[in-house]
Amino acid sequence: MKVAKFGGTSLADAGQIRKVIEITKADPERRIIVVSAPGKRTKDDIKVTDLLIACAKAMLARGEAEKELGAVVGRFAEIQRELELPESLTREIEADLRRRLARDRSHAAAFTDCLKAAGEDNCAKVVAAAFVRGAKALGFKVVVVTNQPGIAKNTLTVAELNAVNARVAELLKKGRATWAALEYCPHHPDGDRKCRAKYVKNCTCRKPKPGLILRAARKLGVDVKRSWMIGDGLNDVQAGRAAGCRTIWVGRMKPEHVERFFGSRKCEPDAAASDLAGALRIIKEAEAS
Ligand SMILES: [Zn+2]
């Protein structure tokens, strides 16, 4: 068994805490981690311990420390939101700080020490909650693979496609979702004089070929056999199968029609769902068994 200690700057924000979790998970020998209070995020930032000392000073001087308390709670709340932990955690942390602030103040040094300790105690709660959440999540990376023959056909520019993708990424971010990679095929096998010649070719990435999936898997170090391809087209199922993924076709068709449609093309998906939520349920069940 190994004990690992992480200092304040390595726990300063959600991104740093994620790294701590990855490092810890990568070594099965590590079983105990010791954490400090969140440190500075930038050179001019204030570490949580110093914010807590300011709380203690304000309380000792004025008998109230709402503003100072708000700064500490704010730091923890930011981390909680970014790690997508329940809001109740921030409320729990605030309640703990208020209990400490309400303690006897006749011994100033002991009172201050008690508040300073709140930084480590509560950071440990955050890290533990993030570990639990990580274990519950399925842990899949989301990859988008898309044919964009408009680029070859000269009806869409790469800049326009990038702008659309950036906007979709921005909207997803609001729902705290993101993709790990987006791979597109700009090619088309047939060209006329209106086409952009350099994109007219029989490439290996246009679905139903598996090139886009394989490229993403290589970039991300993902095992295709443990991955799922979800799509609403025949070519999605074909590309997924060719890449070696398990496949889910999403669409509205009676089960016997799904069977006939894909069966006659010798390309049956592993499962069919009527929407993405259904596809997710299928994956959760399969991963749990
Ligand atoms: Zn291509």
Query - Unmet requirement for Gly221, which otherwise passes all of (1) on the phi > 0 side of the Ramachandran plot; (2) buried (at least 18 other Cβ atoms within 10 Å of the Cβ) - result: (2)
Report task. Mind listing just one residue for me: the one in segment 184-242 that is in a loop (DSSP other than H, G, I, E, B) and of a type in the set (S, T, N, Q) and, of those, nearest to the chain's Cα centre (by Cα)? Result -> Ser227
Query raised in the report: Just for segment 260-278: of the residues that are at pLDDT below 90 and hydrophobic (A, V, I, L, M, F, W, C), which one is nearest to Asn235 (Cα to Cα)?
Result: Leu276
Query raised in the report: Within segment 172-179, can one find any residue that is touching a Cys at 6+ places or on another chain (Cβ under 8 Å) and either within 12 Å of the ligand (Cβ to nearest atom) or not assigned by TED's automatic domain parsing to the domain that holds Ala26 (or both)?
Result: no
Query raised in the report: Can you name the residue in segment 116-163 that is of a type in the set (Ser, Thr, Tyr) and closer than 19 Å to Glu183 by Cβ and is also nearest to the ligand (Cβ to nearest atom) among such residues?
Result: Thr146
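Please go through segment 238-259 and give me each residue that is surrounded by fewer than 13 Cβ atoms within 10 Å (Cβ to Cβ) and either at pLDDT below 90 or among the β-branched types (Val, Ile, Thr) (or both), ordered by number. Step through it out loud before you land on a result.
Initial filter on segment 238-259 (surrounded by fewer than 13 Cβ atoms within 10 Å (Cβ to Cβ)): 252, 254-257.
Correct list: Lys254, Pro255, Glu256.
If you go through segment 97-112 one residue at a time, how many are in a helix (DSSP H, G or I) and surrounded by 14 or more Cβ atoms within 10 Å (Cβ to Cβ)?
Filtering segment 97-112 down to residues in a helix (DSSP H, G or I) leaves 97-101, 108-112.
Add one more test, that the residue is surrounded by 14 or more Cβ atoms within 10 Å (Cβ to Cβ), and what stays is 97, 100-101, 111-112.
Counting residues in segment 97-112 that are in a helix (DSSP H, G or I) and surrounded by 14 or more Cβ atoms within 10 Å (Cβ to Cβ) gives 5.
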Requested in this report: Inspect segment 152-173 for any residue being among the charged types (D, E, K, R), in a loop (DSSP other than H, G, I, E, B) and surrounded by fewer than 16 Cβ atoms within 10 Å (Cβ to Cβ) and give the result as yes or no.
Outcome: no
Query raised in the report: Among (1) in contact with a helix residue (DSSP H, G or I) (Cβ under 7 Å, 6 or more places away or on another chain); (2) not in a loop (DSSP other than H, G, I, E, B), which single condition is Glu259 missing?
Result: (1)
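The values are calculated or read from the model by the stated rules, or taken from the named source; none is laboratory data. None of these values were measured; they are calculated from a predicted model. All Cβ positions, glycine included, derive from the backbone under ideal geometry; neighbour counts span all protein chains shown.
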